[in-house]
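Okay, so here's the structure we're looking at.
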Amino acid sequence: RSEEYSEYDSSPDRGCGDDFDSGCTSSSAVFEFLSHSSEHNPEVMQGTRNISIDSCGRRFSYSSENESVSGRLQNWFDQDGSASGLGVPSVIASGYNSSGMWWKVDDFVRLDSHGPVQLIDLALGPERDLGHVKLYFDEAEHSRAGSSICTNDVSDPPPCPPLGYVKHLGPRFNDDLGLPVTAQSDIVGMTGGFGWLLTFNNGSPIRTKISRVEVKPSTVLVLAIPYPMNVGLRITQYAAYCDEGNLCEYEFTQVSSVEQVRRGQGDVYYVDPTDGVLYVRVVQTALTHLGYTSGNETGWHTFDYDDLGVWGDHTNGYKLPRFERGGVLLPKAVWGPELIIQVTDCAPDPKNNAYCLEKPNESADPNPCDSFEGYTKQTAYDTCCKPEDPTSCMFANGESSADI
């Protein structure tokens with residue numbers, strides 16, 4: 001809480017009393033997540049530090065008993081672990097069963113069953129953080145969201161069925177369906193791992209749009225999507241409100257390994273020739289340009305939080321938008337920039353022309369630990385260890401446990 005703001009009641013007896021709203025009922029909690037909606041969903045939602053909780057019972061609860069999309073995506077960046085009680089930088093995330101293992105990223109995640117919420121230790125990996133993307137891939141289904149499916153109704157909501165699932169890459173998560181991806185296709189999850197494996201019930205979308213990206217420059221989000229073998233792909237990033245002299249669109253180039261994608265600047269992609277899985281790094285771009293077409297720095301440019309912007313960026317003087325207050329920084333999405341993944345040569349499925357008729361390889365089973373010789377046991381979404389020595393590990397960014 002910043003001292004510049006005075007809208008909070010800081011009296012020591014706040015919340016006390018005999019009336020219903022005073023926190024004296026069996027359902028009372030210190031913090032309640034607004035979770036009834038499957039239409040209006042959290043992105044990278046909130047962050048705190050220096051929270052003090054004295055003599056309380058239940059800390060966390062949800063505003064609805066329905067396991068909605070917003071409920072599954074609940075997330076909270078706890079910068080110092082004071083809200084979670086872990087005492088280290090943490091994420092407080094949904095504990096819904098319908099989230100699968102999406103938030104259970106390692107064996108050290110703690111479940112607070114009163115929420116339920118998962119308490120995730122960010123200090124256990126070098127690039128752990130939160131990220132968000134918004135997907136568009138099936139216009140007919142997306143157009144129903146907010147009306148006949150995936151609504152904001154509180155008392156009797158209609159269904160919001162999954163159109164696909166996303167899970168973390170690796171054998172640790174093979175038996176898990178993952179987080180349901182619905183017609184209201186927001187995805188929030190842990191970044192800094194080996195990647196998010198995204199599959200669709202009807203096969204491979206012909207056109208996938210990725211927008212509303214929230215990913216800090218200090219972390220990495222690799223998206224992996226299976227496609228039919230040998231289809232053509234064109235991947236293009238677009239800026240919004242782009243002016244002369246700026247790079248307004250950029251077609252990605254293909255490289256020869258997943259590692260090149262992960263270590264790249266967000267302007268390349270890789271397709272594994274053995275299983276047809278596409279890998280692309282998703283980065284948050286500046287609003288109005290992707291780089292420059294003139295001057296000393298022509299071409300694609302990846303910006304960070306130190307890069308100053310211009311008035312047209314609408315990002316408070318910086319290239320990359322953020323919400324920053326009291327020492328806590330959260331990435332902030334903007335409308336406009338889009339990453340488009342286009343299949344160029346597949347026949348549409350006559351049952352749903354948003355998808356290719358030919359289906360992707362259902363047995364595609366990427367194992368990121370294969371790239372670390374001897375480190376064959378995946379112990380977390382971002383970690384592979386030696387089976388004979390669980391303390392000797394390699395992280396997704398190539399660092400070893402001896403380095404941190």
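Among the residues examined, PHE60 does not qualify as under 17 Å from the mean Cα position of the chain (by Cα), more than 24 Å from PRO390 (Cβ to Cβ) and open to solvent by less than 40 Å² (accessible area, probe 1.4 Å). Just the residues that are more than 16 Å from ALA402 (Cβ to Cβ), of a type in the set (Ser, Thr, Tyr) and in a loop (DSSP other than H, G, I, E, B), please, taken from region 362-386. Those that are more than 16 Å from ALA402 (Cβ to Cβ), of a type in the set (Ser, Thr, Tyr) and in a loop (DSSP other than H, G, I, E, B): SER363, THR376, TYR381. Kindly evaluate GLY81 against the criterion of being farther than 22 Å from HIS168 by Cα and in contact with a strand residue (DSSP E or B) (Cβ under 6 Å, 6 or more places away or on another chain). Yes: the conditions hold for GLY81. Restricting attention to region 331-351, does a residue exist that is at pLDDT 95 or above, at negative phi, over 24 Å from the mean Cα position of the chain (by Cα) and surrounded by 16 or more Cβ atoms within 10 Å (Cβ to Cβ)? The answer is yes; a qualifying residue exists.
Restricting the search to region 387-397, which residues are in contact (Cβ under 8 Å) with a residue 12 or more places away in the chain and either assigned to a loop (DSSP other than H, G, I, E, B) or surrounded by 17 or more Cβ atoms within 10 Å (Cβ to Cβ) (or both)? Answer for region 387-397, where residues must be in contact (Cβ under 8 Å) with a residue 12 or more places away in the chain and either assigned to a loop (DSSP other than H, G, I, E, B) or surrounded by 17 or more Cβ atoms within 10 Å (Cβ to Cβ) (or both): CYS393, MET394, PHE395, ALA396, ASN397.
Using beta carbons and a limit of 9 Å, which pairs, at least six apart or on different chains, have the first residue in region 222-239 and on the phi > 0 side of the Ramachandran plot and the second one open to solvent by less than 10 Å² (accessible area, probe 1.4 Å) and not in a strand (DSSP E or B)? Sorted first by the residue in region 222-239, then by its partner, the pairs are ASN230/GLY276. Restricting ASN367, ASN316 to those that are modelled with pLDDT of 90 or more, out of contact with any Lys or Arg (no Cβ under 6 Å at 6 or more places or on another chain) and open to solvent by 20 Å² or more (accessible area, probe 1.4 Å) reduces the list to ASN367. Do we have VAL258 as in contact (Cβ under 8 Å) with a residue 60 or more places away in the chain and open to solvent by less than 30 Å² (accessible area, probe 1.4 Å) here? No; evaluated as a whole, the condition is false for this residue. Filtering region 256-314 to residues that are more than 18 Å from CYS242 (Cα to Cα), hydroxyl-bearing (Ser, Thr, Tyr) and out of contact with any helix residue (DSSP H, G or I) (no Cβ under 9 Å at 6 or more places or on another chain) leaves SER256, THR274, TYR305.
The one condition from (1) in contact (Cβ under 8 Å) with a residue 60 or more places away in the chain; (2) under 21 Å from the mean Cα position of the chain (by Cα) that ASP267 does not meet is (1).
Within region 160-186, count every residue that is aliphatic (A, V, I, L, M), touching a residue at least 60 places away in the same chain (Cβ under 8 Å) and within 19 Å of ALA333 (Cβ to Cβ). Show your work before the answer.
Initial filter on region 160-186 (aliphatic (A, V, I, L, M)): 163, 166, 169, 177, 179, 181, 183.
Still in the running and touching a residue at least 60 places away in the same chain (Cβ under 8 Å): 166, 169, 177, 179.
Still in the running and within 19 Å of ALA333 (Cβ to Cβ): 166, 179.
Final tally of qualifying residues: 2.
Considering only strands (runs of 3 or more DSSP E) fully contained in region 9-116, which possess at least 2 residues that are modelled with pLDDT under 95 and of a type in the set (A, V, I, L, M, F, W, C)?
31-33
What about ASP186, is it acidic (Asp, Glu) and under 30 Å from CYS393 (Cβ atoms)? Answer is no for this residue.
Does LYS167 count as closer than 23 Å to MET45 by Cα, among the basic types (Lys, Arg), touching a helix residue (DSSP H, G or I) at 6+ places or on another chain (Cβ under 6 Å) and open to solvent by 20 Å² or more (accessible area, probe 1.4 Å)? Criteria met by LYS167. Note on region 29-57: residues that are farther than 25 Å from ARG322 by Cα, surrounded by fewer than 17 Cβ atoms within 10 Å (Cβ to Cβ) and touching a helix residue (DSSP H, G or I) at 6+ places or on another chain (Cβ under 8 Å) total 0.
Every residue, every condition in (1) β-branched (Val, Ile, Thr); (2) touching a Gly at 6+ places or on another chain (Cβ under 9 Å), yes or no:
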residue	(1), (2)
PRO217	no, no
LEU223	no, yes
MET229	no, yes
ILE235	yes, no
CYS248	no, no
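The values are calculated or read from the model by the stated rules, or taken from the named source; none is laboratory data. What you are looking at is a predicted structure, and each value in this text was computed from that prediction instead of being measured. Note that we place each Cβ from the backbone using ideal geometry, even for glycine, and neighbour counts take in every protein chain shown. These area figures cover heavy atoms from the full protein model, side chains too; ligands, DNA and RNA do not enter into them. Shrake-Rupley method; radii C 1.70, N 1.55, O 1.52, S 1.80 Å.
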